[in-house]
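Data block below; observations after.
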Amino acid sequence: RMSNSTRRRAAGGAAVTRRRCTTLARATGNTRARVYTLQRSDATAAVDNDLRAWIHEHGGHVHASLRLVDRATTTNTRGVVCCESNESNEQDALIAIPTKCVLSGARAREEFAGSLLAKFQPQRALRMKNLPAELVLAMLLASERAKAHRAFYRAYVACLPDEPPSGFYLAASASKEDVVMAARDVGVPDPNEAADQAIQAATGARANAEQLVDEFRGVLCGATVDDVLWSMAHVSSRAFGGGAEVGLLPFIDLCNHSFGAAKPYPLIRREGDELVGLTPMNASMNELEKGDEAFLDYVTTGTSKQNAWVNFGFVPEGL
């Protein structure tokens, strides 16, 4: 989803290329799609309802047939699944996110810089404008987490796991033995080398987090080094785009990986109202059955299995 150089800065040295893409994929070769039973906890249902209500409040939507579940049909992990039959037009967007609900590194940079100028800190404002966009995006996410119930993006923050799945986030607190074991468990080639890479990335990420908190404490709303490190791990594994245009797309980024999926694209639904959409590029909404899962393609060429694990926490299909 990010360029190699962007990912390298975000994870303190672990380079990987990832671009988020989307399609709908049917649970193939079995009848689970037709007999699918919603499998989710009350907590997951609350996260789903709050997030889609927030998106709807600001002019977007999540299709009524889609649900966040604890056990998706094909992956047996948390994911987004079609849970009821529908007769929607095949051109309808499954998920449409208003740009104001997108966490944007570029927009965060301007807001942080403006706040620093208002505090008569022009040097820090200039430094902010020169930071990589993914680090600024991590600062935004960390500050929203620190604001808790006062945060504009609180419904999105609530959907994020307390333990980001990336290998480098694990390496920030676990022993090397545990990191090696985690890499081996998901089939990473040379797990010892992968563990060393994750530990190096974690060291660089923590150093970046400490520097950001020390220099920009005044705009981080009480966010700690651990908050920033947590946010960096989520940005590294979930963000779309690259360069100056890096962002997080609520609800869309809850979808699991499937190799070869299509990608989200900008939509204009009303004059002056921009949205980012997820549409059924390879399947008609009219053909969906219970149990069909919405996927993203996490992989682009040039990504190694080790780099993917360091940033995503697993080795995606297609590498």
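The values are calculated or read from the model by the stated rules, or taken from the named source; none is laboratory data. Quantities reported herein were computed from a predicted structural model and do not represent experimental measurements. Cβ atoms come from the backbone with ideal geometry, glycine included; neighbour counts cover every protein chain shown. These accessible areas exclude ligands, DNA and RNA; they are computed on the full protein's heavy atoms, side chains included. Shrake-Rupley method; radii C 1.70, N 1.55, O 1.52, S 1.80 Å.
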**Study point:** Cut-off 13 Å between beta-carbons: net charge of the residues surrounding Phe112, Lys and Arg +1, Asp and Glu -1
**Key:** +3
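By the gyration tensor of its Cα atoms, with a ≥ b ≥ c the square roots of the eigenvalues, what is the shape of the range 203-264: rounded for a/c under 1.5, prolate for a/b over b/c, or oblate? Working shown, then result.
Numbers: a/c = 2.51, a/b = 2.33, b/c = 1.08.
Prolate is the answer for the range 203-264, as a/c is 1.5 or above and a/b outweighs b/c.
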Point to revise | Lys176-Glu111 pseudo-label distance in nm [points 7 Å out on the Cα-to-Cβ vector] | key: 4.2
Practice item. Taking H placed 1.01 Å from N in the peptide plane, check which residues at least 5 places from Leu103 or on another chain put their amide H under 5 Å from its amide H. Key: Leu248
Practice item. Hey, can you find the accessible area per residue of the range 59-211 for me, probe 1.4 Å, expressed in square angstrom? Key: 46
**Study point:** Amide H contacts under 5 Å for Gly241, placed H, 5+ residues apart
**Key:** Arg20
Exercise for review: Go ahead and run the numbers for FRET between Thr99 and Ser41, Cβ-Cβ distance against an R0 of 25 Å, rounding to 0.05.
Suggested key: 0.20
Review point. Which percent of the accessible area of the range 93-205 is formed by carbon and sulfur heavy atoms (probe 1.4 angstrom)?
Key: 52
Study note, to complete from the structure: Once phi for every residue in the range 44-60 is put through the Karplus expression 6.51 cos²θ - 1.76 cosθ + 1.60 (θ = phi - 60°), the whole-Hz ³J(HN,Hα) values, with Gly and Pro written as x, are 5, 4, 5, 4, 4, 4, 5, 5, 5, 5, 5, 4, 5, 4, 9, x, x
Point to revise | Three-way shape call for the range 81-163 based on the alpha-carbon gyration tensor, with the a/c threshold at 1.5 | key: prolate
**Study point:** Coil-residue trypsin sites (Lys or Arg not before Pro) of the range 99-151, DSSP, other Cβ within 10 Å capped at 15
**Key:** Lys119
Review point. How far, in nm, would the chain grow between Ala244 and Asn130 when pulled straight, counting 0.36 nm per residue and subtracting the alpha carbon separation?
Key: 40.0 nm
Study note, to complete from the structure: Expected field for Met181, accessible surface area in Å² at 1.4 Å probe radius, rounded to 10, holds 90
